[in-house]
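Following: one structure in structure tokens, then a few remarks.
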Amino acid sequence: MSSTEQTLSIIKPDAVERNLVEKIKEIFKKNNLVIKDSKKIQISKEEAADFYKVHQSKPFYDQLCTYLSSGPIVVMILQGENAVILNRELMGATNPKEAKENTIRKLYGISIDKNSVHGSDSNSNAKKEIDFFFKH
Ligand code: UDP
Ligand code: MG
């Protein structure tokens, strides 16, 4: 079964800083994901902590929130058939060293923390994350 979905993508500070925004957007477009909305913003550490609160018990939480708020990011709504899973496939594994060839993280990720992109991991989280950035 396939269905049109929306998911949230974030191009993280390491990739924005290296001018990879257009290259990453091309990968989405080439794979039939339509960019319905996109904005470049910088968030506070408090906002990052709120966004990533599911990870609050993890050892990397504080560093992750510092990192996501350390520079400009690009947040996007991607839309297409099975957008949630498709985006996760295009991103590749969390650790770029483990990511498959031609995935965004394999191509551009620097390390497990500076891994260039975020993508929602389920439809319910996609809705919450889209609301977080686009429906204030
Ligand atoms: N992360 C990290 N160290 C770890 C695991 C994760 O810095 O050991 C960061 C990494 O940037 C990752 C984010 O925390 O993208 C969220 O982790 P998650 O397990 O949800 O990975 P993702 O869904 O981004 O693949
Ligand atoms: Mg995740």
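The values are calculated or read from the model by the stated rules, or taken from the named source; none is laboratory data. Please read these numbers as outputs of a predicted model, since none were measured by experiment. All Cβ positions, glycine included, derive from the backbone under ideal geometry; neighbour counts span all protein chains shown. Calculation scope for accessible area: heavy atoms of the full protein, side chains included, ligands and nucleic acids excluded. Shrake-Rupley method; radii C 1.70, N 1.55, O 1.52, S 1.80 Å.
Brief remarks on what is shown
- With each label modelled as a point 7 angstrom along the Cα→C-beta vector, the Glu26-Lys39 pair spans 2.7 nm.
- Using the Cβ of Glu81 as centre and a radius below 15 Å, the other residues enclosed give a net charge of +2, where K and R count +1 and D and E count -1.
- Residue order for Ser120, Ser69 - accessible surface, 1.4 angstrom probe, largest first: Ser69, Ser120
- For Asp121, the shell of other residues with beta-carbons less than 13 Å away shows a net charge of 0, using +1 for Lys and Arg and -1 for Asp and Glu.
- Whether region 14-136 is rounded, prolate or oblate, judged on the alpha carbon gyration tensor where a/c under 1.5 counts as rounded: rounded
- Among 54-60, 128-134, the order from most to least packed when residues are scored by Cβ within 10 Å on average: 128-134, 54-60
- Segment His55-Thr94, length gained on full extension (0.36 nm per residue, minus Cα span): 12.6 nm
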